[in-house]
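Participant: Once you've had a glance at the structure underneath, I'll fire off some questions.
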Amino acid sequence: MKRAWFYLLLGVVSTIALSCRTEYEAPVPYDFSDKPGSGRFTPAIRNTVNGVYAVSEGADRFGDQVALRWTYTHDGADTVHSLSIFSGVGAGFFSLEINQQADSLAVSGFWRKLVNEDTGLARFTLKAKRNGQLQPYTGQSLEGDTLVLDGYYDTGTGSPQQKMTLTYVRPLNPEPFEVIAHRGGGRTSDLLSASENSLRIIRLASRLGAHGVELDVQYTRDSVPVLYHDNKLNLRLVQKNGLSGTINQYTYQQLKTFVRLINGEEIPTLEQALQTIVENTALDFVWLDSKFDGPMARVQALQQRYNERARQAGRNVRIVIGLPSTEAIAAYQGLANKANTPILCELDTATTRGLGANIWAPRWTLGPQTEEVNAMKAEGRSVFVWTLDETQFIERFIGEGKFNGILSNYSPVVAYYHYTAQ
Amino acid sequence: MLSRQAVAQEDTINRQPAIYFPQAPVPGEWRMSLGAVFTSTPPELTEEIRLALPAIDFNIQKGVSRQFFLTGRVQTQFLQSNLALGARWARPINNRWFVAVGDDFAGWFGTLQIKNVFDSEAYGLQNFPHASLGYRLTRELQISARAEAILDVYYRSAAGALVVETPGWRGNGFAFTFMLEQPFYKQQHVSIGLRAAYSRFNWQFWSLYSTFDRSLFYPQLLFNFIL
């Protein structure tokens, strides 16, 4: 009898506990038209808009200053421009496109906070503040004019009603620094509108503040390098499909046919990803995280091909192979020809020196490691720290000014602290 | 309203060995239990890796008056530990139903020193006001349910020489515990149950440096031998 009560209680509690698990939702409430061109936002006006702005209305939700930066994606001869706003509060950002229907310099889009489910719509108009009065900005400034982004935001899918005013304060911090987005742009668990390690998230990465991306590379059974993070196919990353096991149990064609990532995308090949980065984005750095077993030659061949394609296209894109383990180092050392194979070493400084790697990438949980960082930089190496998401630590790491870049799931936070640094 | 008759009869109500059941020990009496708590990792934090992290769990209680008693609890995985001290006020409604309210104040500390991986440590303070309802099914079989609020009081972490801290009280989440306490073998009694915590931060996962500002589900299985 006692035992029966116990099992009954255990069953009821387990059922309640499991059924109470929350499903988080943060749908992006805006469909971008992705129309090419810049409309009235000429290159000169876009350059003028980039900057640090004070927030006078809306500061309670987004903080008292934000950083604005234009970015773009290419599709052949077409270029789509978009404006991002990095708030630094709750990994918040705005992603806005040019409203070409408006008869003024207007942008529309959405905002999100990556740490929770907050999201909503936003629209702004660019104005000039002259003698205390706001008036439409035409691209012509008089001395004493101040740029103002005047607009509205709101939560959910409602038409924006809450006032938000951004007033230009100073230019963005021009110091060179790599904001590197984890898993192609960000984690699936942060409820982004595109899945991690997908072509869509790579195209979004610049809007999230990234200059570069980290990609997780594995081989299929027929030795096609593809992007996938976890050891196995699982419901964290892919839609239910009846398949299980590791990526290298399936051919690329099987994955292409039967597997979709959480937001519906195919698992991309490394080649598709590099092609997208070089041909479609403003990204300038690619960190290939070696999660594969076996020879590195196929990855090396793609790295060299797309480094060359970028060079031919006049793009300054660096594609490097990350070596996170002794197994990856052995695969690198097993290459027949290591010339023109930029690498990044995640192990200690001695190993980095021994490999002749130009980039050292320590874990952030080891702290700032100032002596080691200074020594590596004095030897001509760059130092990128990973995977740092904690806002206060990002602020400190950037404030100390020792690192050349930060790899983060929260590139909007890194972008905010980098661009607003003085 | 509590029954006056029940209060008057309180000293005559049967006491069974228990740690969670909302009935005070006899004034001056010590109660102790030793066991383990297994906490499952939320998929949002550990992704495809699922662990049920075990921690040693030691409870101690001392009766102060007929209805008031002090509590202490240590949970440890050696590299990270939690010490809680609290007080409880408990009284019977009748000879089957019992209630209690209390508050626990906890301090936790964790450190990870792994070459080329971690040079981190953290500690913090948390507070847990709670209320319990107990029901004695039979003379020896008792179940209890506890609801508690989880409040963060202070958090400090360091990575190498860099330190960040978050002082001040802040709501962190809530938890529900369902416990069964009964004889196990000869004179031995056990506490066994589940705790479902929904919180933004759980001290056992400090080293993952979660940045989610949303409540995650931390299921715990508790098993203790009442000493």
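The values are calculated or read from the model by the stated rules, or taken from the named source; none is laboratory data. Just so we're clear, the structure is a prediction, and the values are computed from it rather than from any experiment. Every residue, glycine among them, receives a Cβ derived from its backbone with ideal geometry; neighbour counts consider all protein chains shown. Accessible surface is based on the protein model in full, side chains and every heavy atom, while ligands, DNA and RNA are left aside. Shrake-Rupley method; radii C 1.70, N 1.55, O 1.52, S 1.80 Å.
Participant: For the range A:154-171, give me each residue that is in contact (Cβ under 8 Å) with a residue 40 or more places away in the chain, in contact with a Phe, Trp or Tyr (Cβ under 7 Å, 6 or more places away or on another chain) and open to solvent by 30 Å² or more (accessible area, probe 1.4 Å).
Facilitator: Our first condition is that a residue be in contact (Cβ under 8 Å) with a residue 40 or more places away in the chain; within the range A:154-171, this holds for A:156-157, A:160, A:162-171.
Narrowing further to those that are in contact with a Phe, Trp or Tyr (Cβ under 7 Å, 6 or more places away or on another chain): A:160, A:162-164, A:166-169.
Answer for the range A:154-171, where residues must be in contact (Cβ under 8 Å) with a residue 40 or more places away in the chain, in contact with a Phe, Trp or Tyr (Cβ under 7 Å, 6 or more places away or on another chain) and open to solvent by 30 Å² or more (accessible area, probe 1.4 Å): A:162, A:163, A:167, A:168, A:169.
Participant: From A:40, A:69, grab the single residue that is in a strand (DSSP E or B) and either away from chain B (no Cβ under 14 Å) or at pLDDT 95 or above (or both). Show your work before the answer.
Facilitator: Details: A:40 fails: in a strand (DSSP E or B).
Criteria check complete, one pass: A:69.
Participant: Test each condition in (1) away from chain A (no Cβ under 11 Å); (2) of a type in the set (Ser, Thr, Tyr); (3) exposed (fewer than 15 other Cβ atoms within 10 Å of the Cβ) for residue B:138 and report the one that comes out false.
Facilitator: Checking residue B:138 against (1) away from chain A (no Cβ under 11 Å); (2) of a type in the set (Ser, Thr, Tyr); (3) exposed (fewer than 15 other Cβ atoms within 10 Å of the Cβ), the one that fails is (1).
Participant: Of the residues in the range A:291-303, how many are within 16 Å of residue A:318 (Cα to Cα) and open to solvent by less than 40 Å² (accessible area, probe 1.4 Å)?
Facilitator: Start the filter on the range A:291-303 by keeping residues that are within 16 Å of residue A:318 (Cα to Cα), which leaves A:299-303.
Next, from what is left, pick out any that are open to solvent by less than 40 Å² (accessible area, probe 1.4 Å): A:299-300, A:302-303.
Residues in the range A:291-303 being within 16 Å of residue A:318 (Cα to Cα) and open to solvent by less than 40 Å² (accessible area, probe 1.4 Å): 4 in total.
Participant: Among (1) modelled with pLDDT under 90; (2) open to solvent by 40 Å² or more (accessible area, probe 1.4 Å), where does residue B:178 come up short?
Facilitator: (1)
Participant: Which pairs turn up if I take residues in the range A:191-217 that are hydroxyl-bearing (Ser, Thr, Tyr) and look for partners that are assigned to a helix (DSSP H, G or I) with beta carbon separation below 6 Å, at least 6 apart in sequence or on another chain?
Facilitator: A:195/A:188
Participant: Taking residue A:353, is it open to solvent by 20 Å² or more (accessible area, probe 1.4 Å), in contact with a helix residue (DSSP H, G or I) (Cβ under 9 Å, 6 or more places away or on another chain) and at pLDDT below 95? So that I can check it myself, show each step before the final result.
Facilitator: Details: open to solvent by 20 Å² or more (accessible area, probe 1.4 Å): yes; in contact with a helix residue (DSSP H, G or I) (Cβ under 9 Å, 6 or more places away or on another chain): yes; at pLDDT below 95: no.
So residue A:353 fails the test.
Participant: Got a sec? Which of A:132, A:76 is closer than 14 Å to residue A:167 by Cα, open to solvent by 20 Å² or more (accessible area, probe 1.4 Å) and without any contact (Cβ under 8 Å) to a residue 12 or more places away in the chain?
Facilitator: Values: A:76 fails: closer than 14 Å to residue A:167 by Cα.
Exactly one residue qualifies, and that residue is A:132.
Participant: Let me ask something else about it. Could you pull out the residue among B:227, B:194, B:216, B:222 that is more than 10 Å from chain A (Cβ to nearest Cβ) and either modelled with pLDDT under 95 or in contact with a helix residue (DSSP H, G or I) (Cβ under 9 Å, 6 or more places away or on another chain) (or both)?
Facilitator: Details: B:194 fails: more than 10 Å from chain A (Cβ to nearest Cβ); B:216 fails: more than 10 Å from chain A (Cβ to nearest Cβ); B:222 fails: either modelled with pLDDT under 95 or in contact with a helix residue (DSSP H, G or I) (Cβ under 9 Å, 6 or more places away or on another chain) (or both).
On inspection, the qualifying residue turns out to be B:227.
Participant: Further question on the same structure: Quick test for you: out of A:298, A:236, pick the one residue that is more than 21 Å from the chain's Cα centre (by Cα) and among the basic types (Lys, Arg).
Facilitator: Working: A:236 fails: more than 21 Å from the chain's Cα centre (by Cα).
Residue meeting the stated conditions: A:298.
Participant: Right, something else. Among (1) at negative phi; (2) touching a Gly at 6+ places or on another chain (Cβ under 8 Å); (3) at the interface with another protein chain (Cβ under 10 Å from one of its Cβ atoms), where does residue B:160 come up short?
Facilitator: Unmet for residue B:160, out of (1) at negative phi; (2) touching a Gly at 6+ places or on another chain (Cβ under 8 Å); (3) at the interface with another protein chain (Cβ under 10 Å from one of its Cβ atoms): (1).
Participant: Could you say which residue among A:339, A:357, A:328, A:350 is assigned to a helix (DSSP H, G or I), farther than 23 Å from residue A:410 by Cβ and more than 14 Å from chain B (Cβ to nearest Cβ)?
Facilitator: Going through A:339, A:357, A:328, A:350 in turn, the sole match is A:328.
Participant: Could you tell me whether the range B:148-155 includes any residue that is in contact (Cβ under 8 Å) with a residue 12 or more places away in the chain, over 30 Å from residue A:396 (Cβ atoms) and either open to solvent by less than 30 Å² (accessible area, probe 1.4 Å) or touching a strand residue (DSSP E or B) at 6+ places or on another chain (Cβ under 8 Å) (or both)? I'd like the intermediate steps shown before the answer.
Facilitator: Applying the first criterion (in contact (Cβ under 8 Å) with a residue 12 or more places away in the chain) to the range B:148-155 yields B:148-155.
Next, from what is left, pick out any that are over 30 Å from residue A:396 (Cβ atoms): B:148-149.
Adding the requirement that they be either open to solvent by less than 30 Å² (accessible area, probe 1.4 Å) or touching a strand residue (DSSP E or B) at 6+ places or on another chain (Cβ under 8 Å) (or both) leaves B:148-149.
Yes, there is a match, as at least one residue in the range B:148-155 is in contact (Cβ under 8 Å) with a residue 12 or more places away in the chain, over 30 Å from residue A:396 (Cβ atoms) and either open to solvent by less than 30 Å² (accessible area, probe 1.4 Å) or touching a strand residue (DSSP E or B) at 6+ places or on another chain (Cβ under 8 Å) (or both).
Participant: Restricting the search to the range B:113-135, which residues are without any contact (Cβ under 8 Å) to a residue 60 or more places away in the chain and either assigned to a strand (DSSP E or B) or closer than 19 Å to residue B:86 by Cα (or both)?
Facilitator: Our first condition is that a residue be without any contact (Cβ under 8 Å) to a residue 60 or more places away in the chain; within the range B:113-135, this holds for B:113-117, B:119, B:121, B:123, B:125, B:127-131, B:135.
Correct list: B:113, B:114, B:119, B:121, B:123, B:125, B:127, B:128, B:129, B:130, B:131, B:135.
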